[in-house]
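**Q** Before I ask anything, here is the structure I am working with.
We did not get these values from a lab; they are worked out from the coordinates using the rules stated. What you see is a predicted model; the values in this text were computed from it and never measured. Every residue, glycine among them, receives a Cβ derived from its backbone with ideal geometry; neighbour counts consider all protein chains shown.
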Amino acid sequence: MKIRSALLASAAVLMAGPALAADLPARTSPAPYIASAPVFNWTGFYMGLNAGAGFNQNSGGVSSNITNTIYGGTGGNTSGFTGGGQLGYNMQFGSFVAGLEADINYLDRGNGSSGTFPAVVTGVTNTDFRVTRGDGSNWFGTVRARYGYTFDRALIYATGGLAYGGKRGGVGVEQRDYVGSTGVTTLTSLSGSGNSNNVGWALGGGLEWALTNTWSVRAEYLHVDLGKNDRSFTTLASNTINVSNNNKFDVVRAGLNWRF
């Protein structure tokens, strides 16, 4: 009798097991983890190359003390190729980026002007002075601060600082005597040329875009002012010829940077 009761109790427990299991909550799998895309950061060192064009400004001229006549302006604006390299460092603070950059560049640009002045020579009525000037740049470099605002991989910035560069220039002065209606005799000729290094300032801005975490491209504008050089010539007739060369130019260029 006892054995029969034990068997019946065991059977009841086995039959109740599935029913109790059905009342338990179903096991669910955890949701898959999806990592968010990292925000790009501009902090770090970089180096790169740039290329573009340099453009003259309307500057430089020739003047004289003869009858208070002044001849000014350039004889023609010219543009030339520029290219070089840059090295810099950025530090990002929230959405703002501050940095320092130095570059060195080749530059092929120049301009010139000329003027003709009547000469004041006792006893000579058909005499004048012909003055020709020219100047240009061989190279330039800058050391500039950069400060901008970033939209993730886009950086818009302003930049400014020290500029320096090489300058070449030349001038010629001729005192000419007209004989009759066609002949010209040069009474005296003065000329001078040379190269010099100038220091000034640069100011501009640009837009840079990070292609990857390593490479970025940019477009940039700079106005460069390296001052001016003045020369004076005194002719045989004691007339003074003043020559002014202003070494100012604008640069528009594209660049490629590698972050390391």
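**Q** Describe numerically, in nm with one decimal, the distance between label points set 7 Å from Cα along Cα→Cβ at Asn138 and at Leu203.
**A** Spacing of the two 7 Å Cα→Cβ label points: 3.0 nm.
**Q** Where does the charge balance sit around Trp209 when Lys and Arg score +1, Asp and Glu -1, over other residues with C-beta under 9 Å from its C-beta?
**A** Numbers: positive: Arg153, Arg218; negative: Glu208.
Net local charge, Trp209 excluded: +1.
**Q** Next up: Would you mind getting me the FRET efficiency between Ala154 and Lys228? Use the beta-carbon distance for r and R0 = 45 Å, nearest 0.05. Each step should come with its number before you reach the end.
**A** Numbers: r = 38 Å, r/R0 = 0.85.
About 0.75, to the nearest 0.05.
**Q** So, one more: How far apart, in nm, are two points set 7 Å out from the Cα along the Cα-to-Cβ line at Ala145 and at Met47?
**A** Rounded to a tenth, the inter-label distance reads 2.6 nm.
**Q** Taking K and R as +1 and D and E as -1, what net charge do the other residues with C-beta under 15 Å from the C-beta of Arg218 add up to?
**A** Working: positive: Arg144, Arg146, Arg153, Arg253, Arg259; negative: Glu101, Asp103, Glu208, Glu220.
Cβ neighbours under 15 Å give a net charge of +1.
**Q** With each pseudo-label sitting 7 Å past Cα toward Cβ, what's the Leu162-Ser79 distance in nm, one decimal?
**A** Using points 7 Å along Cα→Cβ, the separation is 3.1 nm.
**Q** Using a cut-off of 12 Å between beta-carbons, work out the net charge of the residues near Gly48 (Lys and Arg +1, Asp and Glu -1, Gly48 not included). Present the calculation step by step, with values, prior to reporting the outcome.
**A** Numbers: positive: Arg218, Arg253, Arg259; negative: Glu101, Asp103, Glu208, Glu220.
So the environment of Gly48 carries a net charge of -1.
**Q** For Leu100 and Val39, compute 0.36 nm times the residue count separating them, minus their Cα-Cα distance, and round to one decimal in nm. Spell out each step's value before the answer.
**A** Details: separation 61, 0.36 × 61 = 21.96 nm, distance 2.25 nm.
Contour length minus the Cα-Cα distance gives 19.7 nm.
**Q** What ranking do 159-167, 84-92 get when scored by the average of other Cβ atoms within 10 Å per residue, highest first?
**A** Working: 159-167: 18.9, 84-92: 17.0.
Highest to lowest by the protection proxy: 159-167, 84-92.
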